[in-house]
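First up is the structure itself, then whatever we jot down about it.
What follows draws every value from the coordinates through simple rules; no lab data is involved. Quick caveat: nothing in here was measured; it's all calculated off a predicted structure. Virtual Cβ from ideal backbone geometry, glycine too; neighbours counted across all protein chains shown.
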Amino acid sequence: MFHPNGPTFLELARQALSSTQRGYDLLAAKFDYTPFRTPDELLESVATHIGESDSMDSALDVCCGTGAAMRMLRPLCRERVVGIDFSHNMMAVARQRIADAPGDASMDFVMGNVLEMPFEEEFDLAVCFGALGHILPKDQERFVDQVASSLRPGGRFVFVTSHMPRMFSLAYWFGRCFNAAMHVRNFVIRPPFVMFYLTFLVPEAKVLLERRGFQVEVAEEVFSAPFQRACLVIGRLESPEGNR
Ligand SMILES: C[S@@+](CC[C@H](N)C(=O)[O-])C[C@H]1O[C@@H](n2cnc3c(N)ncnc32)[C@H](O)[C@@H]1O
């Protein structure tokens, strides 16, 4: 449907009728041939805003999927990069695909729900790409709290989002119609597939982070086409000594 090696329409439909976790397990082998995988061009551009090679000890990729961001993070880290995801098969693909990622930091995988992460003040940086739509509005505060607890004081949470698209734009109506279809699907079929567009947008995301003690910078117009509408959000967790 998207690529000769990508999933067929029927495979995607089967995925969408499963739970989120099972859906990604089914899609894993073909995920990198879908538009849902965060493109390398975007990740490379984000990397230039995060830091230089070997500039931090450790980083966490939240909802790492097939490891697109872990490949980008490895050269930036001196010690370790950890990916967490609840899909066993997505992480199995990640393990293979990023084995040759440049850098020396160890790369570890943790299978788990990102609403219940087992980390405590362990990372200098956490990122989350292509997965914020999997967090229901009722869970957003808890999610941000989990990320914050994983970070060391002064650590950063970095992700890409956008502003609400204009009301008469295709993006706006695509998002609204997709979300309506997902609400109907989840009303009729159990377990739900949690995936919604138009969530975690600026300025709501900024408010969420600030409430949990992050100082937030939203960088606009930092990406070139076709990502020019995307904003880079960098939240820095306040440290006892204060942020510099
Ligand atoms: C669209 S993929 C994004 C993967 C990768 N970050 C990327 O940008 O290519 C979303 C990933 O989030 C994971 N995921 C969704 N909800 C999750 C949750 N509550 N806990 C852990 N992983 C979750 C899925 O298993 C899937 O691998």
Inset, instruction - Determine, for Thr66, Thr20, the number of other Cβ atoms within 10 Å of each Cβ, and report the residues in order from fewest to most. - result: Thr20, Thr66
Legend entry - Cβ crowding within 10 Å averaged over residues, with 90-101, 139-150 ranked highest first: 139-150, 90-101
Legend entry - Placed amide H near Val110: partners under 5 Å, 5+ positions off or other chain: Gly83, Ile84, Asp85
Inset, instruction - Using only C-alpha positions, report the orientation-averaged shadow area of the convex hull of the chain, nm², one decimal. - result: 13.0 nm²
Inset, instruction - Go ahead and estimate [θ] at 222 nm for the chain from helices alone: -39,500 (n - 2.57) per DSSP H run with n ≥ 4, summed, over the residue count, rounded to 500. - result: -10000 deg cm²/dmol
Legend entry - Whole-Hz couplings from phi, Karplus 6.51/-1.76/1.60, listed for segment 215-232; x for Gly and Pro: 8, 10, 10, 10, 9, 10, 6, 9, 10, 8, 4, x, 9, 5, 8, 6, 10, 9
